[in-house]
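Asker: One structure is given below, represented as structure tokens, and several questions about it will come after.
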Amino acid sequence: MSDDFERNLREHLHSEAEETREFPRRLRGRIRDGIAPRTRARMAPQLALAGALVLVAVAVLVVRNPHVIFTDVPSTIKSIFQQPTPSPTPQPFTCTDRSGGTTGASSQLSTIRTAPHDGYDRIVFEFSGQIPSYDLSRQDSATFVRDASGQPVTLDGSVGIKLVFRNTDAASGVQADAKPALISVKEIAQIGNFERVLSYGIGLASSQCVRVLELSGPARLVVDVATTASASTTAAPTPLPTQPAATDLGQFSCLDHSGGVDSGSAMQLTHVRVAHQAGFDRIVFEFAPQPGATAHLPAYTLSRQASAKFIKDPSGQPVTMRGSAGLRVVFHGASGATSYSESRDQTPNLPVVQEVAQLGDFEAVLSWGAGLSRASCLRTLELSNPTRLVIDVQTP
Amino acid sequence: MLMDPTLGRVIERWRDGDRDAFEEVVDRYGLQLLRTARLILRDQALAEDAIQETFLKAWQRIGSLRDEDPGPWLTRIAMNESISTYRRRHRFQALTERFGRLGGGKVEVSTEARLDLAQALDRLTAEQRAAVALHYYQDLSVEDTARLLKVPVDTMKSRLKTALRRLRELTGSDEALA
């Protein structure tokens with residue numbers, strides 16, 4: 001039979017458990033890295049076979065034409081080693097977040113270098129050991145949060161890149177803050193070095209796509225940040241000029257957005273409105289607080305995607321909306337289960353926003369998706385009385 | 001336990017090696033497992049390590065999941081990982097606990113040194129905390145808790161009773177009942 005002590009115990013366990021508010025992104029990344037295919041291990045049998053074939057070929061050559069081995073081959077090998085190491089095959093600049101490195105590798109960052117190049121700025125992170133597991137994420141401001149202390153730090157520039165290296169620390173001589181005089185890269189600052197998780201913030205002059213290269217001998221992670229629109233050959237379109245009437249509303253940005261506050265009781269979704277205005281399609285999510293609670297805009301993330309296919313939460317069912325690109329909006333600490341009575345699948349057929357539909361409403365995580373006729377840049381406005389998140393999707 | 005058809009399709013995709021499907025399972029069960037592991041391990045970083053191992057093992061051992069809801073199966077792996085992680089990190093403490101039990105010794109807590117529930121939970125063994133977490137946090141029956149931790153039901157009843165008695169002693173709640 002349950003008594004007061006057991007009731008207290010149950011309540012205590014629940015409140016202790018809820019101190020972990022969400023499943024950490026870094027843990028999800030570690031699990032994802034752990035299940036990634038091991039290309040090198042899979043290639044091992046093929047490499048062994050190739051090596052054996054080369055040895056057989058050399059043996060045949062020695063028997064049939066010995067002078068080739070003793071004169072031509074050494075000179076060819078010599079010429080190979082005298083040439084500079086070829087540059088890695090150029091890869092396209094993309095406007096997406098990256099992950100990579102070697103999971104479980106323990107490294108030390110030995111130096112950071114920067115240099116201007118034609119069409120891009122280069123940042124080189126050099127390690128003693130292997131390139132550690134890393135995450136590179138782009139953000140729409142140059143303000144970062146310092147690890148451990150939680151203090152905000154604003155770097156030079158208007159947008160940023162965050163780089164997190166796991167199982168790594170920095171050698172004593174590595175500069176904690178540098179302001180290279182480059183076109184795109186304005187500042188590189190260490191924002192965390194705690195329990196072997198090393199983080200850097202990079203302040204950029206404007207939103208630019210990046211290219212990441214992993215090089216060996218010595219181990220280097222190279223981050224190239226485009227300096228011209230032509231270098232950004234894929235994905236995010238360049239923001240179009242904003243209509244004069246909307247200049248006071250902020251610039252459109254082709255990056256993912258986030259904001260709001262993850263605190264207090266869950267906010268209740270009351271309305272979702274969609275309409276076209278000069279230069280943009282507007283989506284408005286309106287919220288009301290629960291009785292007795294204080295109003296706040298729930299924490300949200302806006303993720304742009306290259307298709308109109310979404311996964312419903314938590315069913316996992318795929319859903320395809322109208323259009324060829326998409327926008328996913330996720331609110332943490334919000335629900336419309338009892339408060340929202342309008343359509344959960346709207347098809348306004350605007351210039352860009354073709355469909356707006358609910359994707360999930362589960363354990364105070366509310367997800368909506370928008371099907372777009374084309375990949376477009378965004379602008380968000382956080383408004384109060386009533387509490388609203390306004391998403392403007394740029395139209396041609 | 002039967003699965004809803006949508007989850008069944010996700011599991012089928014996972015069986016076919018679809019990593020996106022696996023990540024959907026991580027999203028669905030990860031938070032609850034992490035919270036339970038933290039209750040047992042009393043440490044966020046250790047709990048994250050245990051849950052990372054749990055999901056990596058689950059990914060490798062999908063063949064051993066029968067046509068059922070993966071929740072209990074994942075919980076069983078997570079409990080094993082949590083308890084073995086705790087044992088690895090607290091070998092010395094485990095040794096002293098064992099010697100204490102062999103000698104019939106018992107750490108007495110004076111009335112002045114009453115602990116709050118969080119501190120009292122720290123003093124339980126990892127096995128006791130796993131039982132308490134599953135029964136009182138996840139609200140599993142004694143029978144289901146015993147099945148997940150692979151012990152006989154009578155053993156589980158005794159373990160929960162011992163854990164509860166110990167928590168009462170440590171927090172001074174037994175005196176209120178006397």
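The values are calculated or read from the model by the stated rules, or taken from the named source; none is laboratory data. Keep in mind the model is a prediction, meaning the values are calculated, not measured. Positions of Cβ are backbone-derived with ideal geometry, glycine not excepted, and every protein chain shown enters the neighbour counts. Surface accessibility is based on the protein's heavy atoms, side chains included, excluding ligands, DNA and RNA. Shrake-Rupley method; radii C 1.70, N 1.55, O 1.52, S 1.80 Å.
Asker: Could you tell me how many of the residues in segment B:62-74 are within 18 Å of the chain's Cα centre (by Cα) and under 20 Å from residue A:35 (Cβ atoms)?
Answerer: Looking only at segment B:62-74, we keep the residues that are within 18 Å of the chain's Cα centre (by Cα), and these are B:70-74.
The next check asks that each one be under 20 Å from residue A:35 (Cβ atoms); those that pass are B:70-71, B:73-74.
Looking only at that region, the number is 4.
Asker: If you don't mind, there's one more thing I want to ask. For segment A:359-386, what are the residues that are out of contact with any Cys (no Cβ under 8 Å at 6 or more places or on another chain), under 22 Å from residue A:280 (Cβ atoms) and either not in a loop (DSSP other than H, G, I, E, B) or not assigned by TED's automatic domain parsing to the domain that holds residue A:302 (or both)?
Answerer: Answer for segment A:359-386, where residues must be out of contact with any Cys (no Cβ under 8 Å at 6 or more places or on another chain), under 22 Å from residue A:280 (Cβ atoms) and either not in a loop (DSSP other than H, G, I, E, B) or not assigned by TED's automatic domain parsing to the domain that holds residue A:302 (or both): A:368, A:369, A:370, A:371, A:372, A:379, A:380, A:381, A:382, A:383.
Asker: For segment B:19-58, which positions are open to solvent by 50 Å² or more (accessible area, probe 1.4 Å) and either within 15 Å of residue A:16 (Cα to Cα) or not basic (Lys, Arg) (or both)? Talk me through it step by step, then tell me what you get.
Answerer: As a first pass, look at segment B:19-58 and keep what is open to solvent by 50 Å² or more (accessible area, probe 1.4 Å): B:19-20, B:27-28, B:32, B:38, B:42-45, B:49, B:53, B:57.
Scanning segment B:19-58 gives B:20, B:27, B:32, B:38, B:42, B:43, B:44, B:45, B:49, B:53.
Asker: Which one of the conditions (1) more than 9 Å from chain A (Cβ to nearest Cβ); (2) surrounded by fewer than 19 Cβ atoms within 10 Å (Cβ to Cβ) does residue B:6 fail to meet, given that it meets all the rest?
Answerer: Going through (1) more than 9 Å from chain A (Cβ to nearest Cβ); (2) surrounded by fewer than 19 Cβ atoms within 10 Å (Cβ to Cβ) one by one, residue B:6 breaks only (1).
Asker: Among the residues of segment A:169-184, write down those that are under 23 Å from the mean Cα position of the chain (by Cα) and of a type outside the set (A, V, I, L, M, F, W, C).
Answerer: A:169, A:177, A:184
Asker: When both residues are 6+ apart or on different chains and their Cβ atoms are under 7 Å apart, which pairs have a first residue that lies in segment A:141-161 and is closer than 20 Å to residue A:206 by Cβ, and a second that is open to solvent by 70 Å² or more (accessible area, probe 1.4 Å) and at pLDDT 85 or above?
Answerer: Taking only residues 6 or more apart or on different chains, the pairs are A:142/A:154; A:143/A:154; A:156/A:179.
Asker: Condition first: open to solvent by less than 70 Å² (accessible area, probe 1.4 Å), within 14 Å of chain A (Cβ to nearest Cβ) and at pLDDT 90 or above. Can you find one or more residues in segment B:101-116 that meet it?
Answerer: No, segment B:101-116 contains no residue that is open to solvent by less than 70 Å² (accessible area, probe 1.4 Å), within 14 Å of chain A (Cβ to nearest Cβ) and at pLDDT 90 or above.
Asker: While we're on this one: Select from segment A:1-13 the residues that are open to solvent by 60 Å² or more (accessible area, probe 1.4 Å) and at the interface with another protein chain (Cβ under 8 Å from one of its Cβ atoms) and list them in ascending order.
Answerer: A:8, A:10
Asker: Test residue B:77 against the criterion of being assigned to a helix (DSSP H, G or I), of a type in the set (Val, Ile, Thr), touching a residue at least 12 places away in the same chain (Cβ under 8 Å) and away from chain A (no Cβ under 11 Å), and give yes or no.
Answerer: Working: assigned to a helix (DSSP H, G or I): yes; of a type in the set (Val, Ile, Thr): yes; touching a residue at least 12 places away in the same chain (Cβ under 8 Å): yes; away from chain A (no Cβ under 11 Å): yes.
The answer is yes for residue B:77.
Asker: Taking residue A:308 as the residue in question, decide whether it is among the small types (Gly, Ala, Ser), surrounded by fewer than 20 Cβ atoms within 10 Å (Cβ to Cβ) and outside the structural domain of residue A:208 (by TED's automatic domain parsing). Talk me through it step by step, then tell me what you get.
Answerer: Values: among the small types (Gly, Ala, Ser): yes; surrounded by fewer than 20 Cβ atoms within 10 Å (Cβ to Cβ): no; outside the structural domain of residue A:208 (by TED's automatic domain parsing): yes.
Criteria not met by residue A:308.
Asker: Would you say residue B:63 is modelled with pLDDT under 90, part of a helix (DSSP H, G or I) and either under 18 Å from residue B:14 (Cβ atoms) or open to solvent by less than 10 Å² (accessible area, probe 1.4 Å) (or both)?
Answerer: Working: modelled with pLDDT under 90: yes; part of a helix (DSSP H, G or I): yes; either under 18 Å from residue B:14 (Cβ atoms) or open to solvent by less than 10 Å² (accessible area, probe 1.4 Å) (or both): yes.
In short, yes.
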